[in-house]
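Visitor: Before I ask anything, here is the structure I am working with.
The values are calculated or read from the model by the stated rules, or taken from the named source; none is laboratory data. A quick note: this is a predicted structure, and the numbers were derived from the prediction, not measured. Positions of Cβ are generated from backbone atoms using ideal geometry, with glycine treated the same way; all protein chains shown enter the neighbour counts.
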Amino acid sequence: MKSALLIISIALGLAVVPACGGKTGTGTVEYSVSAQKNYEKGLKQLESKDWVAASKYFGFIKSRFPYSKFAVLAELRLADAEFGAEQYLESIDSYRLFIKFHPTHEMVVNGYASFRIGEGYYKQLPTDFWLFPPSFEKDQSSTEDAANELKAYLDKYKDSPYRPQAKEILVKVGQKLADHEWYVARYYWDRGKPMGTVLRLRRLLERYRGVGYDEEALWLLGRAYVAVDMGDRARNAWQELVAKHPNSKHADEAREALADLGAKR
């Protein structure tokens with residue numbers, strides 16, 4: 001009982017760390033008489049990761065210099081400060097508002113604000129922790145949100161300088177979604193529900209090719225098709241496996257299975 005309580009206490013102690021992880025610096029500010037100087041000070045605080053001080057400078061600009069060009073920039077930088085402080089939901093809302101009210105602004109046109117929205121969704125994704133079930137066993141709604149936002153950004157902003165970063169993040173997001181599809185497919189297979197396995201594997205292969213499951217998925221898909229009396233589709237899956245992955249550990253098994261299907265015909 002004591003050891004169980006100790007584990008729970010450790011888990012709770014570690015769980016609160018991220019809530020404070022985004023906050024650094026003292027939050028001390030010394031305002032200047034011009035919007036530009038306050039903006040420059042705010043940028044320095046962003047660079048030093050003093051999110052509280054940065055927010056104060058940018059908030060001051062908005063209230064004291066509302067008609068300055070720096071007031072618009074301050075709106076964007078307030079979103080950056082929220083993002084840095086790991087207040088991702090708040091930052092996403094702020095970036096959306098910035099896009100809505102300043103659609104022709106340079107930082108909207110070049111895709112920056114849209115990219116940050118996708119990145120914000122990604123930053124919220126669950127991570128693996130040894131006391132809890134793996135993240136691929138959990139609901140993936142937030143992961144799908146991240147994928148949708150990043151894809152929308154890549155579709156819309158063809159010349160954005162943030163595309164390489166977005167593509168890297170999207171690969172990681174795709175890996176998480178593929179892990180979940182594979183987990184669910186195996187879950188159905190292990191419980192004698194081959195049609196559920198078929199549906200999940202088809203979705204995995206349609207959406208997440210090339211992330212590491214192709215060979216295993218094609219082999220299991222063929223087996224699942226056989227289990228539901230769809231021999232022709234099983235043949236197609238195994239033929240693809242042999243053709244595209246001839247050196248796979250399942251390639252020889254697929255060849256034997258294809259021979260068996262031919263003999264039965």
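Visitor: Please report, ordered by residue number, the helices (runs of 4 or more DSSP H) entirely within the stretch 162-265 with at least 2 residues that are under 29 Å from the mean Cα position of the chain (by Cα), modelled with pLDDT of 95 or more and closer than 30 Å to F115 by Cα.
Guide: Details: elements: 163-190, 194-207, 214-227, 231-244, 251-264.
Result: 163-190, 194-207.
Visitor: Could you grab me the full set of residues in the stretch 91-132 that are among the acidic types (D, E) and loosely packed, with under 15 Cβ neighbours inside 10 Å?
Guide: Start the filter on the stretch 91-132 by keeping residues that are among the acidic types (D, E), which leaves 93, 106, 119, 128.
Those that are among the acidic types (D, E) and loosely packed, with under 15 Cβ neighbours inside 10 Å: E106, D128.
Visitor: In the stretch 1-58, which residue that is at pLDDT 60 or above, charged (D, E, K, R) and farther than 24 Å from K123 by Cβ is surrounded by the most Cβ atoms within 10 Å (Cβ to Cβ)?
Guide: Residues of the stretch 1-58 at pLDDT 60 or above: 24-58.
Then keep just the ones that are charged (D, E, K, R); that gives 30, 37, 40-41, 44, 47, 49-50, 56.
Now drop any that are not farther than 24 Å from K123 by Cβ, which leaves 30, 37, 40-41.
On the way: E30: 8, K37: 14, E40: 14, K41: 21.
Checked the stretch 1-58; the qualifying residue surrounded by the most Cβ atoms within 10 Å (Cβ to Cβ) is K41.
Visitor: I would also like to ask the following. Which condition breaks for F70 when tested against (1) surrounded by fewer than 18 Cβ atoms within 10 Å (Cβ to Cβ); (2) more than 29 Å from the chain's Cα centre (by Cα); (3) at pLDDT 95 or above?
Guide: Against the list (1) surrounded by fewer than 18 Cβ atoms within 10 Å (Cβ to Cβ); (2) more than 29 Å from the chain's Cα centre (by Cα); (3) at pLDDT 95 or above, F70 comes up short only on (1).
Visitor: Quick check on the stretch 134-141. Is at least one of its residues within 18 Å of the chain's Cα centre (by Cα), at pLDDT below 95, surrounded by fewer than 19 Cβ atoms within 10 Å (Cβ to Cβ) and among the acidic types (D, E)?
Guide: Within the stretch 134-141, the subset within 18 Å of the chain's Cα centre (by Cα) is 134-141.
From the residues that got through so far, the ones that are at pLDDT below 95 too are 134-141.
Subsequent filtering for residues that are surrounded by fewer than 19 Cβ atoms within 10 Å (Cβ to Cβ) retains 134-135, 137-139, 141.
Going one step further and asking which of them are among the acidic types (D, E), we end up with 137, 139.
Yes; the residues of the stretch 134-141 include at least one that is within 18 Å of the chain's Cα centre (by Cα), at pLDDT below 95, surrounded by fewer than 19 Cβ atoms within 10 Å (Cβ to Cβ) and among the acidic types (D, E).
Visitor: Here is a follow-up. Mind listing just one residue for me: the one in the stretch 161-185 that is touching a residue at least 24 places away in the same chain (Cβ under 8 Å), of a type in the set (K, R) and out of contact with any Ser or Thr (no Cβ under 6 Å at 6 or more places or on another chain) and, of those, surrounded by the fewest Cβ atoms within 10 Å (Cβ to Cβ)?
Guide: So, considering only residues that are touching a residue at least 24 places away in the same chain (Cβ under 8 Å), of a type in the set (K, R) and out of contact with any Ser or Thr (no Cβ under 6 Å at 6 or more places or on another chain), the one surrounded by the fewest Cβ atoms within 10 Å (Cβ to Cβ) is K172.
Visitor: How do the pairs read when you match residues in the stretch 57-69 that are under 14 Å from S32 (Cα atoms) with residues anywhere that are of a type in the set (V, I, T), using Cβ under 9 Å and keeping only pairs 6 or more apart or on different chains?
Guide: Close Cβ pairs satisfying both conditions: Y57/V29; F60/V29.
Visitor: If you don't mind, another one. Return the pair list, or none, for Cβ contacts closer than 6 Å from residues in the stretch 28-51 that are in contact (Cβ under 8 Å) with a residue 12 or more places away in the chain to residues that are among the hydrophobic types (A, V, I, L, M, F, W, C) and assigned to a loop (DSSP other than H, G, I, E, B), at least 6 apart or on different chains.
Guide: A35/F65; W51/A85
Visitor: So, one more: Could you list all residues from the stretch 204-239 that are closer than 18 Å to R186 by Cβ and of a type in the set (K, R)?
Guide: R207, R223
Visitor: Name every residue in the stretch 186-208 that is surrounded by fewer than 14 Cβ atoms within 10 Å (Cβ to Cβ) and not aliphatic (A, V, I, L, M), in order of residue number. Before you say what the answer is, go through the steps one by one.
Guide: The initial filter retains those residues of the stretch 186-208 that are surrounded by fewer than 14 Cβ atoms within 10 Å (Cβ to Cβ), namely 190-192, 195, 206-207.
Passing the criteria: D190, R191, G192, E206, R207.
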